[in-house]
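Notes to accompany the following structure.
The values are calculated or read from the model by the stated rules, or taken from the named source; none is laboratory data. All values reported here derive from a predicted model rather than from experimental measurement. Using ideal geometry, Cβ is built from the backbone for each residue, glycine included, and neighbour counts are taken over all protein chains shown.
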Amino acid sequence: MSGVLDRRAELAANLADTERRIVEACDAAGRSRDEITLVVVTKTYPASDVEILAELGVVDVGENRHPEAGDKADAVGAAMQWHFLGGLQTNKAGAVARYADMVHSVDRVKLVNSLSRGAEAADRSLTCLVQVDFDATNPGRAGVVPADVGIVADAIAQAPGLVLGGLMTVAPLGDDPAPHFDHLVRLSIDLRRDHPDATIVSAGMSGDLEAAVIAGATHLRIGRSVLGERPSNG
Ligand SMILES: *Cc1c(COP(=O)(O)O)cnc(C)c1O
């Protein structure tokens, strides 16, 4: 087999294993598989992998860096839904708003304003999630503290060109993720009192997708389990 066919077989097998884990978690939680969107996180991997994933039926892909994300979006095109997951500088937000369909990592009002201007300039509608951080011991992490979810959510909801989609978190490293995912779901229920359409709960990665499905996640962000271990930090 050629390298491309090897890679295709590898990604197909990994995707099938991941899909099996998601279905088993849904069964255990009494949930339906179609309540959940699998976002395959392709950061650090080439656009050719995204093309293979597209052929395998993947629609949603996640990236965490600009311009890497934009280069892949240009190469692969608009058939995919592009999810931006990473820390985002205000001066790059306009560029990201041109190709991203959803930004999971909105954690300050200044960023809301920049994304809004970018979405308006590109005549696009951009769904934004508020990233919540539950790691009080590590103030350098991305995300708002739970008490500030409302401020950022209201700003998104009022911003032209933006749609408030819901909430996202990354479980603190080394912690049991379950209580944090439960907390995120409670915050989501609170949020929906004011914003009934903000139903997205983005939680769960390769290591903790089962806990996220049990807690009630709607979007899983899975990288390593599908693409393989990343060679460097990403
Ligand atoms: C890289 C990344 C993921 C995917 O993590 P894996 O452990 O590779 O599944 C999910 N969410 C965010 C925000 C990421 O940066």
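Checked against the criterion of being more than 16 Å from the ligand (Cβ to nearest atom) and modelled with pLDDT of 95 or more, region 211-227 has at least one qualifying residue. Is it the case that some residue within region 160-168 is within 22 Å of Ala215 (Cα to Cα) and over 16 Å from the mean Cα position of the chain (by Cα)? Looking for residues that are within 22 Å of Ala215 (Cα to Cα) and over 16 Å from the mean Cα position of the chain (by Cα), one finds none in region 160-168, hence no.
Within region 166-179, the only residue that satisfies the criterion of being in a helix (DSSP H, G or I) and either hydroxyl-bearing (Ser, Thr, Tyr) or without any contact (Cβ under 8 Å) to a residue 12 or more places away in the chain (or both) is Pro179. Counting only residues that are more than 17 Å from Arg33 (Cβ to Cβ) and either within 16 Å of the ligand (Cβ to nearest atom) or not in a loop (DSSP other than H, G, I, E, B) (or both), region 180-201 holds 15 of them. For region 108-131, a tally of residues being in contact with a Pro (Cβ under 6 Å, 6 or more places away or on another chain) and either closer than 23 Å to Leu187 by Cβ or surrounded by 18 or more Cβ atoms within 10 Å (Cβ to Cβ) (or both) returns 1. Here Ala78 meets the list (1) crowded, with 21+ Cβ neighbours inside 10 Å; (2) modelled with pLDDT under 95; (3) of a type outside the set (Lys, Arg) almost entirely, failing just condition (1). Scanning region 154-165 for residues that are in contact (Cβ under 8 Å) with a residue 40 or more places away in the chain and either among the basic types (Lys, Arg) or touching a Cys at 6+ places or on another chain (Cβ under 9 Å) (or both) yields a count of 4.
I'd like to know if region 75-91 contains one or more residues that are in contact with a Ser or Thr (Cβ under 8 Å, 6 or more places away or on another chain) and at positive phi. Within region 75-91, not a single residue is in contact with a Ser or Thr (Cβ under 8 Å, 6 or more places away or on another chain) and at positive phi.
Highlighted here are the strands (runs of 3 or more DSSP E) found entirely within region 39-140 that include at least 1 residues which are within 16 Å of the ligand (Cβ to nearest atom) and more than 21 Å from Leu15 (Cβ to Cβ): 81-84, 102-106, 126-132.
Exactly one residue out of Gly161, Gly140 is of a type outside the set (Val, Ile, Thr) and either under 19 Å from Ser116 (Cα atoms) or in contact with a Lys or Arg (Cβ under 9 Å, 6 or more places away or on another chain) (or both): that is Gly161. Close Cβ contacts (under 7 Å, 6 or more residues apart or on different chains) running from residues in region 190-211 that are free of Cβ contacts under 8 Å to residues at least 12 places away in the same chain and closer than 20 Å to Ile151 by Cβ to residues that are among the small types (Gly, Ala, Ser) and part of a loop (DSSP other than H, G, I, E, B) comprise Arg192/Ala198.
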